[in-house]
């Protein structure tokens, strides 16, 4: 199961409606994110709209850096939406069964504007 699939299940289990927004560009042979940074969108009547960047735990810092460098993130946040980096890794005690664990980091407008300072 991919990090995106795990993320979709995680958010659906919390009552969100979730949709994948990245697509495969066969000509360029790359995946393209919506607005250059959104893998999936989660919406909830109370929590609002969240842009999700999904990855394995080893890529978490790189994805955060990618989001902070993307100009559209600033526009997305100023429109009243949210952005989260969601990463997955297997973890558990030594000698015990390892379970998939999630790390969710929310980025704020302050994080994005700090890059310009």
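The values are calculated or read from the model by the stated rules, or taken from the named source; none is laboratory data. Worth saying up front: this structure is predicted, and the values here are computed from it rather than measured. Here Cβ is always computed from backbone atoms with ideal geometry, including for glycine, and neighbour counts include all displayed protein chains.
For the range 3-33, the set of residues classified as modelled with pLDDT under 90 and on the phi < 0 side of the Ramachandran plot consists of 22, 23, 24, 25, 26, 27, 28, 30, 31, 32, 33, listed by residue number.
Do you know which residues across the range 72-112 are farther than 14 Å from residue 51 by Cα and either part of a helix (DSSP H, G or I) or in contact with a helix residue (DSSP H, G or I) (Cβ under 7 Å, 6 or more places away or on another chain) (or both)?
Within the range 72-112, the subset farther than 14 Å from residue 51 by Cα is 88-103, 110-112.
Matches in the range 72-112: 88, 89, 100, 102, 103, 110, 111, 112.
Between 99, 31, 63, the distinction of being surrounded by fewer than 11 Cβ atoms within 10 Å (Cβ to Cβ) and within 16 Å of residue 3 (Cα to Cα) belongs to 99 only.
Taking (1) surrounded by 15 or more Cβ atoms within 10 Å (Cβ to Cβ); (2) touching a strand residue (DSSP E or B) at 6+ places or on another chain (Cβ under 7 Å); (3) within 23 Å of residue 111 (Cβ to Cβ) in turn, residue 20 satisfies each apart from (3).
Of the residues 91, 28, 57, 17, which is farther than 23 Å from residue 114 by Cα and under 13 Å from the mean Cα position of the chain (by Cα)? Checking each option against the conditions leaves just 57.
For the range 69-83, how many residues are surrounded by 18 or more Cβ atoms within 10 Å (Cβ to Cβ) and within 30 Å of residue 99 (Cβ to Cβ)? Walk me through it before giving the result.
Restricting attention to the range 69-83, the residues satisfying the condition of being surrounded by 18 or more Cβ atoms within 10 Å (Cβ to Cβ) are 70, 73, 76-77, 83.
This time we only want the ones that are within 30 Å of residue 99 (Cβ to Cβ), so: 83.
Adding up the residues that qualify gives 1.
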